[in-house]
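Chemist: First the structure, then my questions, so here it is.
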Amino acid sequence: MKIIQWNDQYIGDVVKLWNQFCEEDRVYKPFDEDEFQNTFSKNPHFSQKGTFIAIEDQEVIGFANGVYKKDFLSSETHENTPGYLTFLLVHRDYRRQGIGTKLLKKVETFLKENGKKEIKVVFFNPIQLEWFVSKKEGHDHPNAPGVLMDSQAYPFLISKGYIHKTKENSYYLPLKRFKLPEKVSDTVKLLTKKEIYIEYYHPKKHHGFNELFNALHNELWRKEIITEINQKEPKSILIANYHGKICGFTGPLSVQKSGRGYFAGIGVHPEYSGMGIGTALFFKLCEELKLKGASFMSLFTGENNPARKMYEAAGFSIVKSWATLIKELS
């Protein structure tokens, strides 16, 4: 058995190995060669030197990828940014022979040589893998938020020194089941009496996104929402409006090709918490995405996130549980 760095001539064999795993696992989505290239080798953060193939008797029996986010404005390697383990796969007939350990070591060495002090298995990985929230319905989610806790990979990585940091639950709702509860309609009416209106954002009527994101301390939301509202034809964003001030948001609302209703996040200014604004925004989000033609919604959140009660009240159920992992590369 030998391990080599990525070589495009093996793409067909790696895709075959991946798809065999998908048939066995029934969670991750299979690839064709173009989809594989778009996910891996055409990703700007991909590195051939961080991608490895295990070969036995000219057959591809293993694959592993490690990656870190590259700074395209600088040639420097930033040691304070983590490396990521994207995936590690060994053919089922060759498992428990030390091949996975050797592939993992190759990924860790690559990241360490590029100045990384830690390696993570987490949703911030720039290479994102799609998986089925419902294979029967063909409903998918665009990003795996960690390693599946009921997979063979989880105990394997724990045995190799990876530390369990958080548990992330993936929630799923077929929107044909969704109906706005009377209790939420009553909350919306009560907010209206307080002159807080759940409505779509309009730049001439509403202000305060930056102040909201300052209070929420969330730069990712700021970037996505500010970028969206500056588009020529921006997508809809639901807000809570108090005398023109934005005191809560959710969106942008869009329907992906798979039928998945998408939104970047939901947040309420701390000065307006405890009034039911977040719940009203979320339920109206579900209703509006259904009206826009979305057939399902999926999201993930931490095991201890209080928002899970809101998702469950809307009819979402947990379909998979994941662990985010970290290991120091000393």
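The values are calculated or read from the model by the stated rules, or taken from the named source; none is laboratory data. It should be emphasised that the depicted structure is a prediction, and the values quoted were computed from it without experimental measurement. No Cβ is skipped: glycine too gets one built from the backbone with ideal geometry, and neighbour counts run over all protein chains shown.
Chemist: Which of the following residues is of a type in the set (V, I, T), surrounded by 16 or more Cβ atoms within 10 Å (Cβ to Cβ), modelled with pLDDT under 95 and outside the structural domain of F156 (by TED's automatic domain parsing): T301, T324? Talk me through it step by step, then tell me what you get.
Modeler: Working: T324 fails: modelled with pLDDT under 95.
From the options T301, T324, the qualifying one is T301.
Chemist: Scan region 182-221 residue by residue and report those that are within 20 Å of P252 (Cβ to Cβ), over 27 Å from the mean Cα position of the chain (by Cα) and part of a loop (DSSP other than H, G, I, E, B).
Modeler: The answer is H202, P203, K204, K205, H206, G208.
Chemist: Quick one: which of E224, E199, E195, E271 is assigned by TED's automatic domain parsing to the domain that holds M310, closer than 25 Å to V133 by Cα and modelled with pLDDT of 95 or more?
Modeler: E224
Chemist: Looking at the structure I just gave you, is N80 over 22 Å from C22 (Cβ atoms), among the polar types (S, T, N, Q) and in contact with a Lys or Arg (Cβ under 8 Å, 6 or more places away or on another chain)?
Modeler: Against the criterion (over 22 Å from C22 (Cβ atoms), among the polar types (S, T, N, Q) and in contact with a Lys or Arg (Cβ under 8 Å, 6 or more places away or on another chain)), N80 qualifies.
Chemist: Oh, and also: Considering each residue of region 125-147, count those that are touching a residue at least 12 places away in the same chain (Cβ under 8 Å) and either of a type in the set (V, I, T) or not in a strand (DSSP E or B) (or both), and give that number.
Modeler: 16
Chemist: Cβ-Cβ distance below 7 Å, separation of 6 or more or different chains: which pairs start in region 297-309 with a residue that is closer than 26 Å to Q256 by Cα and end on one that is small (G, A, S)?
Modeler: M297/G261; S298/S170; F300/S170; T301/A307
Chemist: Please state which one of F283, F249 is aromatic (F, W, Y) and assigned to a helix (DSSP H, G or I).
Modeler: Working: F249 fails: assigned to a helix (DSSP H, G or I).
It is F283.
Chemist: With the requirement that a residue be closer than 27 Å to I326 by Cβ, in a helix (DSSP H, G or I) and at pLDDT below 95, what does region 23-68 give you?
Modeler: The one that is closer than 27 Å to I326 by Cβ, in a helix (DSSP H, G or I) and at pLDDT below 95: D25.
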